[in-house]
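J.: Before we start, here is the structure in question, set down as structure tokens.
The values are calculated or read from the model by the stated rules, or taken from the named source; none is laboratory data. Quick caveat: nothing in here was measured; it's all calculated off a predicted structure. Because the Cβ atoms are built from the backbone with ideal geometry, glycine has one as well, and the counts that use them run over all protein chains shown.
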2 protein chains.
Amino acid sequence: MKKIEMARDRLLANKSMFVAVQGEQGEPELGVSTFVRLNECIFVYTSHLSRHVRYLLNSKTAVCLLCEDECSSQNIWARCRLKFNVSINEVSRSDRRFDKLCDEFIIRHGSTMKLIRNFTDFHMLSFTPIDGVLVIGFAKAFKVEGSEFKIVSHLKEA
Amino acid sequence: MKKIEMARDRLLANKSMFVAVQGEQGEPELGVSTFVRLNECIFVYTSHLSRHVRYLLNSKTAVCLLCEDECSSQNIWARCRLKFNVSINEVSRSDRRFDKLCDEFIIRHGSTMKLIRNFTDFHMLSFTPIDGVLVIGFAKAFKVEGSEFKIVSHLKEA
């Protein structure tokens, strides 16, 4: 179990994640965003100039993927990854958490955040993880639950 | 233009890509697959034990993303990436291209393919790229078209 949790935690230490969301006509949209994880929520700060972000603002759910880099993968056929469903809320600029979150982004992702912090096309979104699947190799898939990504069972399918 | 095409071609040299597809209830599903590019099509060989693959087999379209590794990104806020829409067809095991494609996978991705080549839960899917967006930095987004990913215009939004 320790090894599985370590693999999960390495993925949670990623700087960015892939996000798929349902588009206006039901079509899937896909993007990549930096994130911070704080108080068991995941936050992204991203611009509505990207279409998938406009859909995130309209949709209340999305599916996220944390994936190890290609260059770190032992076997490219079985990249370590954590896929999970989230519910979405926007954190408004007047929310008392907004400034603290911006500071976290600066700590985690550098000074670009200082530049874009006041750009009003950007939105702070809060993603609450619901459930998901951790894959750490062939036939090594595990169901995870909740915002702590607790490992609850071994899956035969992923 | 040369620099833009080089960035695109570096992404096309990736070994794997992210794929988002519409699920049964309209929800998005997301996965990552190795691929080979041959004769202007992209091929993936993947198992229907993964839910997103069952959806790929049912759906005739998907959206794909090639993304540079985190560790190679100059600025994590603006990872180089190529997102594109595809139409999907299955290449059956009796198709004359099937064996050649399996050989290409061995050349490109190693001996795992020898092991899984005869696994009947795996399917060879042909993705034909239609159009997409190449992002190589802040405000550096370009529309691409066709299976050659020809760069056709500079976009203000991505």
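J.: How many residues are within 7 Å of chain B (Cβ to nearest Cβ) and in contact with a Leu (Cβ under 7 Å, 6 or more places away or on another chain) when one looks only at region A:14-31?
T.: Residues in region A:14-31 being within 7 Å of chain B (Cβ to nearest Cβ) and in contact with a Leu (Cβ under 7 Å, 6 or more places away or on another chain): 5 in total.
J.: Could you please find all residues in region A:53-81 being hydrophobic (A, V, I, L, M, F, W, C) and at pLDDT below 95?
T.: Those that are hydrophobic (A, V, I, L, M, F, W, C) and at pLDDT below 95: A:Val53, A:Leu56, A:Leu57, A:Cys71, A:Ile76, A:Trp77, A:Ala78.
J.: With the structure loaded, tell me whether A:Ile88 is aliphatic (A, V, I, L, M) and either outside any strand (DSSP E or B) or more than 20 Å from the chain's Cα centre (by Cα) (or both) or whether it fails that test. Let's see the steps before the verdict.
T.: Working: aliphatic (A, V, I, L, M): yes; either outside any strand (DSSP E or B) or more than 20 Å from the chain's Cα centre (by Cα) (or both): no.
Taking the combined requirement at face value, the residue does not satisfy it.
J.: Test each condition in (1) crowded, with 17+ Cβ neighbours inside 10 Å; (2) modelled with pLDDT under 95 for B:Phe84 and report the one that comes out false.
T.: That leaves (2) as the condition not met.
J.: Give the residues of region A:107-150 that are of a type in the set (D, E, K, R), in contact (Cβ under 8 Å) with a residue 40 or more places away in the chain and closer than 18 Å to A:Leu49 by Cα, sorted by residue number.
T.: A:Asp121
J.: Report whether or not A:Arg93 is part of a loop (DSSP other than H, G, I, E, B), over 25 Å from B:Thr34 (Cα atoms) and charged (D, E, K, R).
T.: Against the criterion (part of a loop (DSSP other than H, G, I, E, B), over 25 Å from B:Thr34 (Cα atoms) and charged (D, E, K, R)), A:Arg93 qualifies.
J.: A further question on this structure: If B:Ser72 satisfies every condition in (1) facing chain A (nearest Cβ under 8 Å); (2) hydroxyl-bearing (Ser, Thr, Tyr); (3) surrounded by 19 or more Cβ atoms within 10 Å (Cβ to Cβ) but one, which is the exception?
T.: Exception for B:Ser72: condition (3).
J.: Taking A:Glu5 as the residue in question, decide whether it is more than 10 Å from chain B (Cβ to nearest Cβ), in a loop (DSSP other than H, G, I, E, B) and surrounded by fewer than 22 Cβ atoms within 10 Å (Cβ to Cβ).
T.: The answer is no for A:Glu5.
J.: Okay, next question. Step by step: first the residues of region B:37-51, then only those that are away from chain A (no Cβ under 12 Å) and touching a residue at least 40 places away in the same chain (Cβ under 8 Å), then the one that is surrounded by the fewest Cβ atoms within 10 Å (Cβ to Cβ). Which residue is that?
T.: It comes out as B:Glu40.
J.: Within region A:54-65, is even one residue surrounded by fewer than 19 Cβ atoms within 10 Å (Cβ to Cβ) and either touching a residue at least 60 places away in the same chain (Cβ under 8 Å) or touching a Phe, Trp or Tyr at 6+ places or on another chain (Cβ under 9 Å) (or both)?
T.: Of all residues in region A:54-65, those surrounded by fewer than 19 Cβ atoms within 10 Å (Cβ to Cβ) come to A:54, A:57-61.
Still in the list and also either touching a residue at least 60 places away in the same chain (Cβ under 8 Å) or touching a Phe, Trp or Tyr at 6+ places or on another chain (Cβ under 9 Å) (or both): A:57.
Yes, some residue in region A:54-65 is surrounded by fewer than 19 Cβ atoms within 10 Å (Cβ to Cβ) and either touching a residue at least 60 places away in the same chain (Cβ under 8 Å) or touching a Phe, Trp or Tyr at 6+ places or on another chain (Cβ under 9 Å) (or both).
J.: Also, I was wondering about something else. Pick from B:Leu101, B:Leu115: which is more than 9 Å from chain A (Cβ to nearest Cβ) and either under 23 Å from B:Phe149 (Cβ atoms) or among the hydroxyl-bearing types (Ser, Thr, Tyr) (or both)? Please lay out each step first, then the result.
T.: Details: B:Leu115 fails: either under 23 Å from B:Phe149 (Cβ atoms) or among the hydroxyl-bearing types (Ser, Thr, Tyr) (or both).
Selected residue: B:Leu101, the only one of B:Leu101, B:Leu115 that is more than 9 Å from chain A (Cβ to nearest Cβ) and either under 23 Å from B:Phe149 (Cβ atoms) or among the hydroxyl-bearing types (Ser, Thr, Tyr) (or both).
J.: Let me ask you something else. Under 9 Å by Cβ, and 6 or more places apart or on different chains, what pairs join a residue from region B:14-32 that is among the polar types (S, T, N, Q) with one that is assigned to a loop (DSSP other than H, G, I, E, B) and modelled with pLDDT of 95 or more?
T.: Once the first residue is among the polar types (S, T, N, Q) and sits in region B:14-32, its partners that are assigned to a loop (DSSP other than H, G, I, E, B) and modelled with pLDDT of 95 or more give B:Asn14/B:Phe35; B:Asn14/B:Glu68; B:Asn14/B:Asp69; B:Ser16/B:Phe35.
J.: State the number of residues belonging to region A:100-150 that are within 24 Å of A:Ile88 (Cβ to Cβ), surrounded by 13 or more Cβ atoms within 10 Å (Cβ to Cβ) and among the hydrophobic types (A, V, I, L, M, F, W, C).
T.: Residues meeting the conditions: 16.
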